[in-house]
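Presented below is the structure to which this report refers.
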Amino acid sequence: MTRITSKALRFAALMLALVLSLALFAGCKGDKDNASSKEAASEVTTSLDNTEVVDQYKEKDHERLPETLDLGGFEMTFATPSTKSIIPEEGKSAEGDLKLEQLRAVQDAYNCTIMVREVTQDGWGEAMTAIVAGEQFANVMLPCVHQAGGFIQSRLCANFLDPQISQYIDQSDPWWNDTMAYASNVLGEVYAGASTIQNPASATWVIYFNKNIAKDVGIGENELYDLWKKGDWNWDAFVKYAKLAVKDQDGSGTMDSEEDRWGFVAPGYDCSQAFASSAKVASVTTTDGMNPTYTFNTTHAITTLTKLNQIFNTDGIYTILSWNNGSYRKIFTEGNSLFLGYMLSIMGSDDMREMEDDWGLLPIPKGPKEGGGWQDKYMSRVDHNFRLCLIPSTVEDKASTALVLEAMSYKYFQIINDEIETMAISYARDDTTIDVAATVYNTSTFEISQFLYSINSGAWNSQVETKMRDIVRTPNYDVSGSMMGAADLAQQMINDYFNGI
């Protein structure tokens, strides 16, 4: 195990890499600050006002945590494949040293030691076996969302609404993502959390756009940004502008290669899921964690997914080539696509930094609203590879675990607000990109279905969620027949998951 020591911290320069700054974005969830964890767990509330990040918590003590408390040397162990994400190597980066400073402050305030138990990427079976055998394994586990379903189905993780935990952790606070409280609510008990320790914004799907192509096809300098500001950036606007960019550049007479200029590229399956979330379309929904229901067969879902099938196949803006060979980023960064759908975290990647053309940033456009019109707020799915916080059911001292976890989450949140002030000197190509990125946290949405991906040896993913792959790949796909046909099997798997079978 790796542990953090108490030796003096070498404070680093203020220059912070944007990839971390964005990975730790937090918006102000002002309209939910007074809500309880139970309320947060009862509904999807990600459609919040996209307000600017504020410093209201910067100098403020945590309202529920004691300023100091002697935990008697309590050892707080995180299980994760990424040791450095919890305990960065000192002196390697400014952002890492800032995190170390906050970790040491938590240790000093509560007389505890923060440790990491390294797990291989696919080694969570070891954890499951240990917990079934009654071992604690770790105080907090950090599996990916799709890896967490087995723990929840088997009831191997603690309920965040347990009074020992909820006395400190309230998932309606802005340093937690409240849609996770909804997604992980199983029959009234909340089994997972997504806090600023592994912030959801970095894994949230967004749209990048090529400014050079935009200018070339007659899109005004601020035209796309103005749509976003007015709340008019929606699926139809996305398609309208993407069509302007389509051009047969290789002279073949047809759009058939990576050398042609496309309107839109993305890894289709995951991006289509993000678009579905922007329309409040999901394969599973609940009411307060109760009455879990298959909902890909509703009128709204079928109408919306049919429109999504058109966008990916018959509007002529998307190339399946970008998905089949994984070249979506290459096509975009080499100047052959107006739009790229991908996660926010790639902003600081080598290919994006070295891209010759200028680029900008937009959220996933608003999807259709049930009954007509467009959703009121921007929403986008957090990728299923995001790491959650799960507390094993076998943890003996849940109160101390919750106290330290909450203290770390809050401390990281306070750093976040400071870091955003440094963005003007980072990788973003314009100030509005920074403004858009600062709102992404408020659009981050988790779905219940993400927990079902790997249960039953992947049966849910192969027999239900793969319908979304067909929507991307198959022109004129029979959405209604396919979604209706999967209903009985899907509902049975949902029931098995919620009932713990």
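Quick look at the numbers
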quantity	calculated
Members of the stretch 481-501 found to be under 14 Å from Phe296 (Cα atoms), touching a residue at least 40 places away in the same chain (Cβ under 8 Å) and open to solvent by 50 Å² or more (accessible area, probe 1.4 Å), listed by number	Met484
The stretch 131-159, subset open to solvent by less than 10 Å² (accessible area, probe 1.4 Å) and over 22 Å from Asp383 (Cα atoms), residue farthest from the chain's Cα centre (by Cα)	Ile131
Some residue of the stretch 438-459 being surrounded by 23 or more Cβ atoms within 10 Å (Cβ to Cβ), at pLDDT below 90, part of a helix (DSSP H, G or I) and among the hydroxyl-bearing types (Ser, Thr, Tyr)	yes
Boolean, Ser393 is touching a strand residue (DSSP E or B) at 6+ places or on another chain (Cβ under 9 Å), open to solvent by 10 Å² or more (accessible area, probe 1.4 Å), under 21 Å from Asn139 (Cα atoms) and of a type in the set (S, T, N, Q)	yes
From the options Gln164, Gln107, Gln171, residue that is open to solvent by 40 Å² or more (accessible area, probe 1.4 Å) and out of contact with any Cys (no Cβ under 6 Å at 6 or more places or on another chain)	Gln164
Residue in the stretch 172-193 that is farthest from Cys389 (Cα to Cα), counting only those that are part of a loop (DSSP other than H, G, I, E, B), modelled with pLDDT of 95 or more and touching a helix residue (DSSP H, G or I) at 6+ places or on another chain (Cβ under 8 Å)	Leu187
Neighbours by Cβ (under 6 Å, 6+ apart or cross-chain): first from the stretch 189-216, farther than 28 Å from Glu95 by Cα and aliphatic (A, V, I, L, M); second part of a helix (DSSP H, G or I) and at pLDDT 95 or above	Val190/Ala181; Ile213/Ala245
Qualifying residue in the stretch 116-124 (condition: out of contact with any strand residue (DSSP E or B) (no Cβ under 9 Å at 6 or more places or on another chain) and touching a residue at least 40 places away in the same chain (Cβ under 8 Å))	yes
Meets criteria (of a type in the set (Val, Ile, Thr) and in a helix (DSSP H, G or I)) for Thr394	no
Some residue of the stretch 87-94 being in contact (Cβ under 8 Å) with a residue 60 or more places away in the chain, of a type outside the set (Lys, Arg), open to solvent by 10 Å² or more (accessible area, probe 1.4 Å) and under 24 Å from Ala399 (Cα atoms)	yes
Flag if Gln463 is out of contact with any strand residue (DSSP E or B) (no Cβ under 9 Å at 6 or more places or on another chain), at pLDDT below 85 and part of a helix (DSSP H, G or I)	no
Verdict on Cys112 being hydrophobic (A, V, I, L, M, F, W, C) and farther than 15 Å from Ile391 by Cβ	yes
Given (1) out of contact with any helix residue (DSSP H, G or I) (no Cβ under 6 Å at 6 or more places or on another chain); (2) of a type outside the set (Lys, Arg); (3) closer than 30 Å to Glu95 by Cβ, index of the condition Gly251 fails	(3)
Only listed residue being closer than 29 Å to Asn199 by Cβ, under 24 Å from the mean Cα position of the chain (by Cα) and of a type outside the set (S, T, N, Q), chosen from Leu340, Leu305	Leu340
Residues satisfying the stated conditions in the stretch 95-104, i.e. modelled with pLDDT under 90 and either surrounded by fewer than 16 Cβ atoms within 10 Å (Cβ to Cβ) or out of contact with any helix residue (DSSP H, G or I) (no Cβ under 9 Å at 6 or more places or on another chain) (or both)	Asp97
Strands (runs of 3 or more DSSP E) within the stretch 271-358 that include 3 or more residues at pLDDT 95 or above and crowded, with 24+ Cβ neighbours inside 10 Å	337-343
Hits in the stretch 217-270 (condition: assigned to a loop (DSSP other than H, G, I, E, B), open to solvent by 20 Å² or more (accessible area, probe 1.4 Å) and aliphatic (A, V, I, L, M))	Val217, Val246, Met255
Search result, residues across the stretch 171-194 that are within 18 Å of Arg381 (Cβ to Cβ) and small (Gly, Ala, Ser)	Ala181, Ala183, Ser184, Ala192, Gly193, Ala194
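The values are calculated or read from the model by the stated rules, or taken from the named source; none is laboratory data. Please read all numbers here as calculations on a predicted model, not as lab measurements. When we count neighbours, we look across all protein chains shown, and the Cβ atoms used for this are built from the backbone with ideal geometry, even at glycine. For the accessible areas, the whole protein counts, side chains as well, though only heavy atoms, and no ligand, DNA or RNA atoms are used. Shrake-Rupley method; radii C 1.70, N 1.55, O 1.52, S 1.80 Å.
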